[in-house]
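See structure below.
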């Protein structure tokens, strides 16, 4: 009986996120066009600049397009995580967050539901993208499309949890540009999404170190290895650990006793 | 049947501060079943903080809140399950249909599909919007949206209905309709209502009134009792007398 309650709550949150997603077609296309622009333009220009040696999990020389696809998949998930954090802040300003939080189910559970719903949306986007990439001759082994699913789940959870955590710190919607500059861009560029870490090391050993500690690098590598039917245990551990850390911190930040609301008051409280 | 021993809502010695600012200072009052209680206060009196605490947006620093005997801090699940809330800001999803909005809310409260369908039909019929169920909320007028929000708040059959300045943005006619509607719910279903407002004329004879000013309760009783205690005829005068010259009675006008 109790389990049914929890399940209905989860399902209705997923249905709502799904409906909202379907209604916001611009959001869907933006999420898709962004990585395609990178693949179709940036990757072509960059191919000539960047020579790649054979690195795991690839068994042979590869074109840059092939290298960059897992990074772009992770980028989709990164943007999606930030997007859901943005919508949390928006919901909070608009009040619809309150509707969620007056549900009698525990708050941590409501946040986890919200997170899962966002992950599902990001997985759908990621699959549409790798399907399109197939036409760019980026063709991982067929089983790779299945093997990448757990990696997408884990990566989506980590980036979504990071979004949740950030949303608890952002007081107003306007501050979101700061998140772009200070979180999304550094995380993306200081990672193995666009160039392998050994390449970064040639330029700057310090930056290579940052990239190795950057959890986003590990999301990229997790996806890259899974897509080519390989496992990267280090990345899996790092991503799982970071997920637990981010989600735990987000739950604390939204705790009624000590979190955001109690510290600073509700949105209408400035008066 | 009324149960006089357990109040629908009990607020006891509730205090809350944000940093150095005290938002609520020793607030106590109770709302029995079937009572329409008007929480009267100017902007900044602490109404929104009080609502946030009663809906457990955050916990109070000191004091207690009980909903039908369930303590908000120790038994939040039981307490929240008995509360329906209409927030000041509109919180329906404008891109979803009326029914999708109701389903979402029902799901959040763990109701089954069959129960949601049945109660949604009932509540929509009560507010006369049955045939609009499949329309997007965006297509509804402000007054219709407010009524849908009230219907939504009643979907899980709460015993206490909280409304935070629910008539903001409504014209005089719609305002009266909404107030009538909630009074009827109170009468017919024995629902306890806490209605926060800064508009003095929203309190009717027979309603309970709690006057909140700068985080403190200045008066608590029926409209007649509050007026009698202040030694004046009308609630306007009572409010002006209670809150003193620094906060002219003008603030209470729509």
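Given a 10 angstrom Cα cut-off, can you work out which residue in A:245, A:164, A:116 is the most mobile in a GNM of chain A?
Residue with maximal mean-square fluctuation among A:245, A:164, A:116: A:245.
Running a GNM on chain A with Cα contacts under 10 Å, which residue among A:66, A:93, A:221 ends up with the highest mean-square fluctuation?
Top of the fluctuation ranking is A:93.
Between the stretch A:17-57 and the stretch B:1-61, what is the C-alpha centre distance in whole Å?
51
By the gyration tensor of its Cα atoms, with a ≥ b ≥ c the square roots of the eigenvalues, what is the shape of the stretch B:92-234: rounded for a/c under 1.5, prolate for a/b over b/c, or oblate?
Values: a/c = 2.44, a/b = 2.00, b/c = 1.22.
Prolate, since a/c reaches 1.5 and a/b exceeds b/c.
Sorting B:136, B:35, B:187 on the 10 Å Cβ count, fewest up front, what's the list?
Values: B:136 17, B:35 21, B:187 11.
If I rank by nearby Cβ atoms, fewest first, I get B:187, B:136, B:35.
How far apart, in nm, are two points set 7 Å out from the Cα along the Cα-to-Cβ line at residue B:118 and at residue B:77?
If labels sit at residue B:118 and residue B:77, their model points lie 2.4 nm apart.
Can you give me the pair-distance distribution of the stretch B:34-160, C-alpha pairs, 5 Å bins, whole percents?
So the P(r) values, bin by bin, are 2, 10, 18, 20, 18, 15, 11, 5, 1, 0.
Springs between alpha-carbon pairs under 10 angstrom, Gaussian network model over chain B: which of B:172, B:67, B:38 fluctuates most?
B:172
Modelling each spin label as a point 7 Å along the Cα-to-Cβ direction, I'd like the residue B:205/residue A:42 distance in nm, to one decimal.
Here the modelled spin labels are 7.2 nm apart.
Where does each of A:61, A:90 land when they are ranked from fewest to most other beta-carbon atoms within 10 angstrom? Could the numbers behind the result be given before it?
Numbers: A:61 10, A:90 14.
Ordered by Cβ neighbours within 10 Å, fewest first: A:61, A:90.
Which three numbers, in whole Å and largest first, are the semi-axes of the equivalent ellipsoid of the protein assembly as shown derived from its Cα gyration tensor as √(5λ)? Show your work: numbers first, answer last.
Working: eigenvalues 544, 110, 73 Å².
Equivalent ellipsoid of the protein assembly as shown: 52, 23, 19 Å, largest first.
For the protein assembly as shown, what does -39500 (n - 2.57) per DSSP helix run (n ≥ 4), summed and divided by total residues, give at 222 nm, in deg cm²/dmol to the nearest 500? Don't jump to the answer; show the numbers that get you there.
Working: 22 runs with 283 residues, N = 525.
Here the helix-only value at 222 nm equals -17000 deg cm²/dmol.
Under 1.5 on a/c is rounded, so check that first for the stretch A:122-239, then, if it is not, pick prolate when a/b is larger than b/c and oblate when it is not; a ≥ b ≥ c are the square roots of the alpha carbon gyration tensor eigenvalues. Please report the intermediate quantities before stating the final value.
Details: a/c = 1.82, a/b = 1.28, b/c = 1.42.
In terms of gyration-tensor shape, oblate.
Determine which residues of the stretch B:39-57 fall in the zone a paramagnetic label at residue B:168 would reach in this model, i.e. backbone nitrogen under 14 Å from the point 7 Å along Cα→Cβ.
B:41-52
I'd like the FRET efficiency for residue B:17 and residue A:207, computed as 1/(1 + (r/R0)^6) with the beta carbon distance as r and R0 of 30 Å, rounded to 0.05.
Details: r = 46 Å, r/R0 = 1.53.
It comes to 0.05.
Could you work out how far the C-alpha centroid of the stretch A:94-140 sits from that of the stretch A:165-222, in angstrom?
21
For the residues A:202, A:212, B:149, what sequence is obtained by ranking on other C-beta atoms within 10 Å, fewest first? Walk me through the numbers before you get to the answer.
On the way: A:202 9, A:212 17, B:149 24.
Least crowded to most crowded, the residues run A:202, A:212, B:149.
Among the DSSP beta bridges whose two residues both lie in the protein assembly as shown, what percent are antiparallel, rounded to the nearest 5?
Details: 21 of 39 bridges.
Here the antiparallel bridges make up roughly 55 percent for the protein assembly as shown.
One quarter of the convex hull surface, Cα atoms only: what value does that give for the stretch A:16-253 in nm²?
On the way: hull surface 51.7 nm².
Computing the convex hull of the Cα atoms and averaging its projections yields 12.9 nm².
Based on alpha-carbon positions alone, could you give the equivalent ellipsoid semi-axes of chain B from the gyration tensor, as √(5λ), descending, whole Å?
Working: eigenvalues 180, 89, 58 Å².
In descending order, the three semi-axes are 30, 21, 17 Å.
Once fully extended, how much extra length lies between residue B:224 and residue B:28, figured as 0.36 nm per residue of separation less the alpha-carbon to alpha-carbon distance?
Details: separation 196, 0.36 × 196 = 70.56 nm, distance 1.98 nm.
Gain on stretching residue B:224 to residue B:28: 68.6 nm.
What share of Cα pairs, in percent, lie more than 12 angstrom apart in the stretch A:1-50?
Values: 890 of 1225 pairs.
When every Cα pair of the stretch A:1-50 is considered, 73 percent fall beyond 12 Å.
Would you mind telling me the antiparallel percentage of the DSSP bridges in chain B, rounded to 5? List each step's numbers first, then the result.
Numbers: 21 of 39 bridges.
Just about 55 percent of them are antiparallel.
Label the stretch B:89-157 by shape, choosing from rounded, prolate and oblate, from the square roots a ≥ b ≥ c of the eigenvalues of the Cα gyration tensor; if a/c is under 1.5 it is rounded, and otherwise prolate applies when a/b is larger than b/c, oblate when it is not.
Numbers: a/c = 1.61, a/b = 1.39, b/c = 1.16.
Because a/c hits 1.5 or more and a/b exceeds b/c, the stretch B:89-157 counts as prolate.
Rule-based calculations on the coordinates, nothing more; no lab input. Values in this document were obtained by computation on a predicted structure and should not be read as measured data. A quick note on method: Cβ atoms are made from the backbone with ideal geometry, for glycine too, and the neighbour counts reach across all protein chains shown.
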